[in-house]
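The values are calculated or read from the model by the stated rules, or taken from the named source; none is laboratory data. All figures in this text were calculated on a predicted structure; none of them were measured in a lab. Cβ sites come from the backbone with ideal geometry, for glycine too, and all protein chains shown count toward neighbours.
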């Protein structure tokens, strides 16, 4: 432990609180790098430095802590999302330094909190959770409260803890949000709200807003554009949501917008995306409401160099308002930059894909492709020529006969050199699949009486 303590004191003073903050999670907890950086930001542990934005400063801090072996079991997925853990001895060191300021506990242990606690996580408890069980009033300066319990559908009143900087919570009455004027991180998961309360719009310092599994959430308040400091709007599995915030293009600090739903009215069109410098994942839904390529070009996807995942959805056929030819022009105008890692298209109504999807220099870096219910398409792009493609999913395309019908010089060229998983589903007219190299798993279902054998991937 003495050697570890020496390593800690060799850290820059600016890195030390970032390291000890990680004890807000218990031992063996798998942390997400992106989330940790956002918690650091919310608590003022990392800030912008010169021209370097606070996310990049946080990334530098995390990288240095990792290089000094304070983290372990670091894992990265195909687009670079990173998870990690702390060794038990390292966790003990951090806890011995920060003392009572960080608490990771079950519900039953939260009644005896120290008045000096700053950061709390409530984890993996089958007990019914109620904020009233926690003596918030005696805590002098609570900065972080993170609930990770299985939600119980018993609404309780969220306490007015004015100094709170980061909050993750599920079922509760959100009327007290208007009092959390210092809140910078708000995550609502599996909440039963139908609309995001207008009180959220009064959180002028909010940097990160996450909504996950809010099944009946359908709309946002118009005043959300008052959140001028908002940098990350993450929407996950909110299936009844019918629109994204009105005039979201006015949120000029926005760096992450995972879902954008195209609307027919002014303030909900693709032009709202034009000047936003977005990164990470973007899923554009409702493209059947875009009737011409000029509107599609306004999204300026080619200029969003930090995007690594892009998904485009036209919606179900019965609700579509435009024809296949219009869809082809729209998709052609939605050409992205060449740095994508994952790309998907759903319910596209055109009969062919645009030229940029056949341009291997644009799609060269892709590792993950999903094509779903593009029922009218007759031919796939030459995905076999993508050198890094590891996962290919093709489903619901009735006219496809070949997965890749491009010519390959037998002596010098091979298709799908990096493919590991090929999933083909509901392709009734499929006749041939190219032999592929380097894979390990194939799933195949033609949904017809005569099945074509799929070459083994070995």
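One residue is enough: does the stretch 290-304 have a residue meeting the conditions modelled with pLDDT of 95 or more, in contact with a strand residue (DSSP E or B) (Cβ under 6 Å, 6 or more places away or on another chain) and not in a helix (DSSP H, G or I)? Scanning the stretch 290-304 turns up no residue that is modelled with pLDDT of 95 or more, in contact with a strand residue (DSSP E or B) (Cβ under 6 Å, 6 or more places away or on another chain) and not in a helix (DSSP H, G or I). The condition of being in a loop (DSSP other than H, G, I, E, B), in contact with a helix residue (DSSP H, G or I) (Cβ under 9 Å, 6 or more places away or on another chain) and either more than 24 Å from residue 342 (Cβ to Cβ) or at pLDDT 90 or above (or both) holds for only one of 435, 413, that being 413.
Kindly evaluate residue 287 against the criterion of being closer than 20 Å to residue 81 by Cβ, in contact with a strand residue (DSSP E or B) (Cβ under 9 Å, 6 or more places away or on another chain) and in contact (Cβ under 8 Å) with a residue 24 or more places away in the chain. Even if it seems obvious, please write down each step before you answer.
Values: closer than 20 Å to residue 81 by Cβ: no; in contact with a strand residue (DSSP E or B) (Cβ under 9 Å, 6 or more places away or on another chain): yes; in contact (Cβ under 8 Å) with a residue 24 or more places away in the chain: yes.
For residue 287, the condition - closer than 20 Å to residue 81 by Cβ, in contact with a strand residue (DSSP E or B) (Cβ under 9 Å, 6 or more places away or on another chain) and in contact (Cβ under 8 Å) with a residue 24 or more places away in the chain - is not met.
Only residues that are surrounded by fewer than 20 Cβ atoms within 10 Å (Cβ to Cβ) and in a helix (DSSP H, G or I) were counted in the stretch 168-215, giving 7.
Here residue 74 qualifies as touching a helix residue (DSSP H, G or I) at 6+ places or on another chain (Cβ under 9 Å), free of Cβ contacts under 8 Å to residues at least 40 places away in the same chain, closer than 26 Å to residue 6 by Cβ and exposed (fewer than 15 other Cβ atoms within 10 Å of the Cβ). Would you confirm whether or not the stretch 29-50 contains a residue that is surrounded by fewer than 15 Cβ atoms within 10 Å (Cβ to Cβ) and assigned to a helix (DSSP H, G or I)? The answer is no, given that none of the residues of the stretch 29-50 is surrounded by fewer than 15 Cβ atoms within 10 Å (Cβ to Cβ) and assigned to a helix (DSSP H, G or I). Residues that are part of a helix (DSSP H, G or I) and more than 17 Å from residue 37 (Cα to Cα) were ranked within the stretch 3-20; the one that is modelled with the lowest pLDDT is 3.
Number of residues in the stretch 21-50 that are closer than 15 Å to residue 119 by Cα and in contact with a strand residue (DSSP E or B) (Cβ under 7 Å, 6 or more places away or on another chain) equals 10. Considering only residues of the stretch 255-267 that are modelled with pLDDT of 95 or more and surrounded by fewer than 21 Cβ atoms within 10 Å (Cβ to Cβ), which is farthest from residue 47 (Cα to Cα)? Top of the filtered list is 261. Here residue 370 meets the list (1) in a strand (DSSP E or B); (2) at pLDDT below 90 almost entirely, failing just condition (2). Looking for something part of a helix (DSSP H, G or I) and under 28 Å from residue 207 (Cβ atoms) - is there at least one such residue anywhere in the stretch 272-288? Within the stretch 272-288, one or more residues are part of a helix (DSSP H, G or I) and under 28 Å from residue 207 (Cβ atoms). Give me the pairs, please: first residue somewhere in the stretch 36-62 and over 22 Å from residue 187 (Cα atoms), second residue anywhere and loosely packed, with under 14 Cβ neighbours inside 10 Å, beta-carbon distance under 6 Å, and either six or more positions apart or on two chains. From the stretch 36-62, the pairs are 57/49.
Scanning the stretch 337-359 for residues that are part of a loop (DSSP other than H, G, I, E, B) and under 26 Å from the mean Cα position of the chain (by Cα) yields a count of 7. If the condition is being exposed (fewer than 15 other Cβ atoms within 10 Å of the Cβ) and either part of a helix (DSSP H, G or I) or at pLDDT 95 or above (or both), then the stretch 307-336 contributes 317, 318, 319, 325.
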